[in-house]
Each structure stands twice: as structure tokens, then as C-alpha cells.
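Laboratory data are not the source of any read-out in this text; all were calculated from the coordinates shown. Note that the structure is predicted; figures quoted are calculated from it, not measured. Note that each Cβ is placed from the backbone with ideal geometry, even for glycine, and that neighbours are counted across all protein chains shown.
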Amino acid sequence: MTIREICDPASIVIFGASGDLTQRKLIPALYNLYRKKRMPEQFTIVGVSRSAFTDEQFRDKVREGVKTFSPETYHDADWGIFSQHIHYLPGNATELDSYKALDAYLKQHEVGYGNRLYYLSTAPSLYVSTLENLFAAGMANEADGWRRIVIEKPFGYSLATARALNQTVHSVFEERQVYRIDHYLGKETAQNILFFRFANTIFEPIWNRTYIDHVQITVAETVDVGRRGDYYDGAGVLRDMFQNHLMQLLALTAMEPPISLKADDLRGEKAKVMNAVRPILLRDTVRAQYRDYRQTEGVAPDSQTPTYAALKLFIDNWRWQGVPFYLRSGKALKRKSSEIVVQFRNPPLQLFDIPRQEQHPNVLSICIQPDEGIHLKFEAKLPDSREGKTVEMEFHYDTSFGKNQIPEAYERLILDALLGDAGLFARSDEIEASWRLMDGVLEGWEKDPRALPTAFYERGTWGPVEADELLDANGHAWTLACEHC
Ligand code: BG6
């Protein structure tokens, strides 16, 4: 059964509308929501950026985006009706007059409603001036209807900059109006972590230090930095992937059950577990660069920016005391795979005649992408022998729900922002807790006395050998259950 979700009529204003994200993700998501009849009865989409487009030119540009990035759902007739809702207004993010003109323009379209969702998809350097100008133009004021703001990543560059940005945000909007995007939270499989843990009774009683030996979180990509060298070289894998996506996956895996799914109950538990992570020791970190990264346009020839990192961390609370969590992510790796692996402890007594090297612990793998599903490995008796064999119980989205049933993360997130549900968006305290940890590692790396601290790895491998050694030291090894999916 699907619960019908009704959104209020609203204007959706995309700042930075000429950028890639609008074409690749935002308009395709809005179009697909429209096709699924999830958009409000009345809505207006207004793209704003410095480029000069007419409405028609902008519609043509974003139609190409839908055709390219959501080809299976594009239909001329649907697009024809949907695109009438799309408008474009040239504007300069740093000039107050542009906001006054935008406000007047929106008011012409907002007949009988005044709700607005502002979507900040500009360069992060423009976030502060956009926020300040929205305030100065009276556009954050809720006298005519609700006002919400979606803020794209990266949210800050460090704890200090994230805090400063939160302060500016809070001087214009209340936290309940703020939706900080982390598209991993919009992924079906990430949302399913909570279902898996809390809509079932059989897993939660063993989800703790008594039964779990360690946890691994892998977000491996085959793509390299591509044309994003300018941005990436200043960021690196810790800011680009760990501070947001990996830390959110960690929080969903390790958090306590919330008392409800209300945004603040959920986010309160995530913030608590992030705050319980012990500062990470330098010796529990590995960083590396794929071999030809420095040849990328926009990258410094002597860049030390890591494109790969692996971390070992501990959570200082009753549930997780002493359980290592290993996190790794990198670009130009062997296979695209995001997976959470929970390895259980060995049975207290080995009754069966299984040689030591063939004794395998139970492993539960939550495959976030690409082959979305869950796997449980356990031991079974090999028929007609005294030996055991590892077998698997599997759940795949494709076989259980049909092919292509998984929507794009942005669909869920935009819909939730329109519905006023911030549960899948990061709250200011979560962001700050996560930056605090990352800052600790980044500062440690900066002060690292070794001359050339960054190791190299070959493209198409699983990263540097140091990452294997990090686990090997505790008798562990990286595993991906979905390796053979
Ligand atoms: C983005 C990062 O947030 O996430 C990119 O900036 C990365 O560098 C991307 O490639 C990965 O997202 P996904 O959904 O493809 O796993």
C-alpha cells in the first residue's frame, strides 16, 4: 500500500540553475514526481542564475537533461504539460536587486498560495550572500506561506566553516526550515537500513558488541575525478565522501532506535552516535592517491590530496564499546560498490570438525548499490560429509520488487522537502559532529612528519596495501559479499 502524500502548492526556486545538478538531477526528479502525480496541484519552478536564458531556452536545456538522465521516463506529451510550470529569471546571487526582482516575479505567479522552497545549488562561495540577500529582501519571512531552504553539499570545508555557515543560516532561517542535502540519505537502500533494523525483531537483539565482531563500510567508485579537478584537489576524499556519505551510513548502522521517525527524534539519535565516536588516531588512517591523479586538469603537480582513504574508528557507548568500524572510500577503484558488512563473532565453542582456516563467521551485508539487496552468510552441513560450507540467504530488490523500482535519491529528497519532512536531511549538530572528526584526521595528516605521506595505488585495484594492513593487524580483511552479485 502506498501512503498518498499531499504537498502544499509551492514555488520551487533553483539558485544556480544553469549548473550541472539542475539538468542531471533536479529537473529529472521534479519531472518524475510530476509523472507520479506527487507534485502539488499548483506549482511553479523558477530557475535563477547569471546566464541569459528565455523560459523557452531554459526549458529546452533542461529537457535535454531529462532525456539524457531519465530516458526511460521521458514522454513528449507529459513534458509538454510539465514544462509549462518551468520559468527562468536571470539574476546575480550577490545583488539585492536581483532578489527583489525575483520576489516580485514569484508573487505574480503565486496566485492563492505563498509557499516557497528555495534550492541552493550555486557554488558554495555564494551561499552566504544568497542567504543574506534572501533575508534583506524579506524573502525568508513566512507571513505569506512557509519558506524552506535546501542546501546542497559541501556544507562547509571544516568544523569552523561549517559552524560559521550554520550561524548565517540560523540568522535567516530557523532550523525547522533548513534541509541540508546528503543524497545518500535519499537512497532507498540507505533508508532500508532503518526498516531492516527496526521493522524486524530478529536483528536488533544481536546488533551490539556481544555478537558483532566488527563492521566495514565501503563506498568504492570506479570513476576518477574527471573534470572536477579544481574542486576535488581542494577537497579530497575525506571532505567529498566521508564527512557526509560515509558518516551518515555509519550513523544509520550504529544509532540507537529513535522513539519515533519524526525528523528530530531520528536526527537526535544520529547526532548522539556521531558524537560518541572516539577521536581517530593517525595510525588508524590510510590515505592514498591513484597513480596519475596529478595529471588531472586543475590538480597541483605535487598535490597531496587523497583520492582514497581508510579509517578505523570506535564508538564509545554501551552498544559498541571495543567494536572496530572500518570505513573506506576511493576513486578509480576496481568496482563500484557501496556496502555495509557486519561480521559476527565466532561461536564460543567449535563442535564440528572444521579446520581453522575453513571456519567462517556469519556475515551480514547490506548492499547499498549497485545490486541493491541484503545477504546473510552462514554455515551449513555439506551433505553426506562431516564438513561445513558457507551458504547465503539473499534478498535482491530486483527479484522481490521488480526491475527498475528504485527511484533516484533526489526524488525522495525533493518530495520530503515539499512535504516538510526533514528526517532525511542532516541537522546542524550532525554536520558539526562529523566535521569535528574529519578535522582531527585532516589536521593529523597536515602535521604528519613523513615527507611524502600520500601512498599511491594503481587504477582498477582495491587501493593501497596499507588499507589491507590496517585490518590485518586485527586479524580482519576487507570483504564485499556482493562481489559475485
Ligand atoms: C558526491 C561526490 O557527493 O557523491 C562525488 O561529490 C561522488 O565525488 C558521488 O562521485 C557519489 O555518489 P553516488 O550516488 O554515485 O554513489
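Shape summary of the chain, radius of gyration then Dmax from alpha carbon positions: 23.9, 82 Å. Computed 3J(HN,Hα) for region 131-146, one whole-Hz value per residue from the Karplus formula 6.51 cos²θ - 1.76 cosθ + 1.60 where θ = phi - 60°, is 4, 5, 6, 4, 5, 4, 7, x, 8, 9, 5, 9, 4, 9, x, 6, glycine and proline marked x. Listed by chain and number, the lysines whose alpha-carbon sits under 29 Å from that of Lys61, ignoring those within fewer than 8 places in the same chain, are Lys25, Lys36, Lys37, Lys100, Lys107, Lys153, Lys187. Axis of helix 409-419 versus longest Cα principal axis of the chain: the two differ by about 50°, to the nearest ten degrees.
For Lys389, the lysines whose Cα falls under 19 Å of its own Cα, not counting residues fewer than eight places away in the same chain, are Lys377, Lys381. Once you have a ≥ b ≥ c as the square roots of the Cα gyration tensor eigenvalues for region 6-62, tell me rounded if a/c is under 1.5, and otherwise prolate or oblate according to whether a/b is larger than b/c. Verdict is prolate for region 6-62.
Put a plus charge on the Cβ of each Lys and Arg, a minus charge on the Cβ of each Asp and Glu, and nothing anywhere else: the dipole of the chain about its Cα centre is then about 200 debye. Counting only DSSP H runs of at least 4 residues, each contributing -39500 (n - 2.57), and dividing by the residue count of the chain, the helix-based mean residue ellipticity at 222 nm comes to -9500 deg cm²/dmol. Exposure proxy shown here: for Arg227, Arg147, Arg180, Arg163, the number of other Cβ atoms within 10 Å sets the order, fewest to most, as Arg227, Arg163, Arg147, Arg180.
By definition, a body whose alpha carbon gyration tensor gives a ≥ b ≥ c is oblate when a/c is 1.5 or more and a/b is not larger than b/c, and region 313-394 fits this oblate description. In summary, the aspartates and glutamates within cross-link reach of Lys262, defined as a Cα separation below 14 angstrom excluding same-chain residues under 8 places away, comprise Asp416, Asp421. In the chain, Cα pairs under 8 Å separated by at least six residues give a relative contact order of 17 percent. Full extension of the chain between Glu41 and Ile406 gives 128.9 nm of extra length, using 0.36 nm per residue less the Cα-Cα distance.
Modelled label positions at Arg50 and Glu142, each set 7 Å beyond Cα in the direction of Cβ, lie 3.4 nm from each other.
Using θ = phi - 60° in the Karplus curve 6.51 cos²θ - 1.76 cosθ + 1.60, the 3J(HN,Hα) couplings for region 455-465 round to 7, 10, 9, 7, 4, x, 10, 8, x, x, 5 Hz; x is entered for Gly and Pro.
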